[in-house]
Amino acid sequence: MELMKVLVVDDELGIRTGVARVLRGFIVQVPNFDKEIHFETTEAESAEQALEIIRETPQHILLLDNKLPGMSGIEALDIISEMNLDMLTIMITAYASIETAVRATKQGAYDFLPKPFTPADLKNTVRKAAEHLVVARHARELAAEKRKVRFQFISVLAHELKAPLNAIEGYLQVLKDGSVGYDPKVVIPMVDRCLTRTEYMRKMIADLLDLTRIESGERKREIANLDLAEVARHALDTFAPEANARNITLQLHADGPVPLWGDRSEMDIVLNNLVSNAIKYNRDNGRVDVTVERRDATAVIRVADTGIGMSKADCAKLFQEFVRIKNARTKDILGSGLGLSILKKLTVMYNGDIQVESEPDKGTTFTVILRDAVQEHSPAETVKTD
Ligand SMILES: Nc1ncnc2c1ncn2[C@@H]1O[C@H](COP(=O)(O)OP(=O)(O)OP(=O)(O)O)[C@@H](O)[C@H]1O
Ligand SMILES: [Mg+2]
C-alpha cells in the first residue's frame, strides 16, 4: 500500500470537501508494479496557503483552481515550477480559455479538470496522475541503478588498469636509476615483465571495447549463414601456438558443417574466449575437445578441458564482469575476468544459454546453446537453416 498526498486548492468550500470525500475511500491498483494507492487529502482556500503547505510537506498531486482570491492558480504554477518538485498539478478550471490552458501546460500543469465535474471524472483524472507518478518514479529508479552499475564498472576498471601500470612504472624507474646495473641478463627479464603487462592491458582494452559495443548495440550486426565448425577451427588455429608450447592437444568434433544464422565476429568472440580459457586453465600435456553440433532449432558448442577445474561455489560466481577465481592454481594466470561476461551477453542476444560443469583438478566443460539470430530492421528476411 502506498499513500499519496493530494492538496486541493479552491475557494469554494463545497468543492474542497467534495474532493476530500470522494478520494477518502478511493483506491488505485497498479498491477504491473504491484501497487495499491490510497489518498490523503489536504485542503487550502488560497494559492498563498497552498504554497505554504507545499513548502512544509511535499505533495504528490495538486488540484489547483485557477480563479482564486489573491494570487491566481496560473501565477502559483509559475512559482511551483521553479521549485522543481515531483508533484503533478491538475488545473481545475471553470471556463478554460485556450490561452489559460496553453499557459498552464507550458508551466508544467499535467492535466485539466473542467468544472463542474462528477466524482467519476475526478477519480479518472487522479488515477491517471497516480499511475503516471508510479511509472515515472520507476523510470528514475532504473536510471539511478544504471548509473550506479556504470560507476562500479568504471571503478573496477580503473583499479584493474592501475595495477599493471604501477608495475611497469616501477620497473622503468629501477632501470632509469641504474640501481640494478645494465646487464642484459637483469634488464631483459624486467623488460619482458613490462611487456607481459602491456599485453594484458591491451587485451583488457580490447575486451572492454567488445563489451561496450555489444552493450550499446552500436556495432552493426551482420547476420549471415555461418558454419560454426569453421569458426571453431579458426579459433583452434589461433590458439595452436599457445597449446603447442604446453603440449596441449586440441581436437575439433563436428560431423560436417554446423549452420547458424549469426554474426561472424560475435561467434569468433564466443569461441576464442572458450578456447582461450580451456588452454589457459589447463595443465601441461592436457586436452581441449571442442564439439559443435546442430540440435533442431539450436546450435550447441561444447568446450571440454582437462584443467584445474572449479568448485561448485566458484562456478556460481562466473559470468559477472571482472570475476576471477582466486586460488593457488590461478594465481600466476593472467586475465581480466571479462571474457565470460561478454560471452553471457552474447548468448542472451542469441536467445540462448550457457552452462558450466566443473570438478577441481579434473576439468571443466562449458556448453553454449544458441538460436538463430534475426537481422534487426529487416522483417522481410526469414531465417531458415536447412
Ligand atoms: N576452463 C576453465 N577452467 C577453469 N577455470 C576457468 C575456466 N574458464 C574460466 N575460468 C575461471 O573463470 C574466471 C573468469 O573467466 P573469464 O574468461 O571471464 O576471465 P579471464 O580468463 O580471467 O580473463 P579474460 O577477460 O582475459 O578472458 C577465470 O579467471 C577463471 O578463474
Ligand atoms: Mg578468459
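Every read-out reported here was derived from the displayed coordinates using simple, explicitly stated rules and does not represent laboratory data. Only a predicted model underlies this, so the values are computations on that prediction, with no experimental measurement involved. Every residue, glycine among them, receives a Cβ derived from its backbone with ideal geometry; neighbour counts consider all protein chains shown.
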- Query: Which Cα, out of SER276, ALA328, THR238, lies furthest along the positive dipole direction of segment 223-371 (beta carbon charges, K/R +1, D/E -1)?
  - Reply: ALA328
- Under 5 Å between amide H atoms, partner at least 5 residues away or on a different chain: which partners does ILE92 have, H built in plane at 1.01 Å? LEU64, ASP65, ASN66, LEU113
- Query: How long are the three semi-axes of the equivalent ellipsoid of segment 223-371, in whole Å, if each is the root of 5 times an eigenvalue of the C-alpha gyration tensor, listed from largest down?
  - Reply: 24, 18, 13
- Query: Among THR212, THR330, THR89, what is the fewest-to-most ranking by other Cβ atoms within 10 Å?
  - Reply: THR212, THR330, THR89
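Suppose only helical runs count, i.e. DSSP H with n ≥ 4. What mean residue ellipticity at 222 nm does that imply for the chain under -39500 (n - 2.57) per run, divided by all residues and rounded to the nearest 500 deg cm²/dmol? Don't skip to the end; give the middle numbers.
Values: 10 runs with 185 residues, N = 386.
Counting only the DSSP helices, I get -16500 deg cm²/dmol.
Please give me, ordered by residue number, the GluC sites (Glu not before Pro) of segment 141-219 that lie in loop per DSSP and have at most 16 other Cβ atoms within 10 Å.
Counting only loop positions with at most 16 other Cβ atoms within 10 Å, the GluC sites (Glu not before Pro) in segment 141-219 are GLU218.
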- Task: Between ALA143 and ASN124, with labels modelled 7 Å along Cα→Cβ, what's the label distance in nm to one decimal, could you check?
- Result: 3.0
- The long-range amide H neighbours of THR249, using H built 1.01 Å from N in the peptide plane and a cut-off of under 5 Å, are GLY286, ARG287, VAL288
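Within the chain, what's the longest run with no chymotrypsin sites (Phe, Trp or Tyr not before Pro) in a DSSP loop and at most 11 other beta-carbon atoms within 10 Å? Give the range, please.
183-386
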- Could you run the Karplus curve 6.51 cos²θ - 1.76 cosθ + 1.60 with θ = phi - 60° over segment 51-61 and give me ³J(HN,Hα) per residue in whole Hz, x for Gly and Pro? 4, 4, 4, 4, 5, 6, 10, x, 10, 8, 10
- Item | Lysine pairs meeting the criterion (Cα under 16 Å, 8 or more apart or interchain), as found in segment 2-143 | 6
- Step through the residues of segment 360-367 one at a time and calculate ³J(HN,Hα) from phi using the Karplus curve (6.51 cos²θ - 1.76 cosθ + 1.60, θ = phi - 60°), rounding each to whole Hz and writing x for Gly and Pro. x, 6, 9, x, 9, 10, 9, 10
- Considering only DSSP states other than H, G, I, E and B, which GluC sites (Glu not before Pro) in segment 300-376 qualify as loop sites with at most 15 other Cβ atoms within 10 Å? GLU376
- What residues from segment 103-118 fall in the zone where the backbone N is under 20 Å from a label point 7 Å along the Cα-to-C-beta line of ASP11? 104, 113-117
- Message: Rg and Dmax in Å for the chain, alpha carbons only: what are they?
- Response: 32.0, 97
- Order of ASP86, ASP263, ASP305 from fewest to most other C-beta atoms within 10 Å? ASP86, ASP263, ASP305
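For the pair ASP183 and ASP255, what calculated FRET efficiency results from E = 1/(1 + (r/R0)^6), where r is the Cβ-Cβ distance and R0 = 56 Å, to the nearest 0.05?
The value I calculate is 0.45.
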- Note on the structure: Restricting to Cα pairs under 8 Å and 6 or more apart, the percent relative contact order of the chain works out to 10
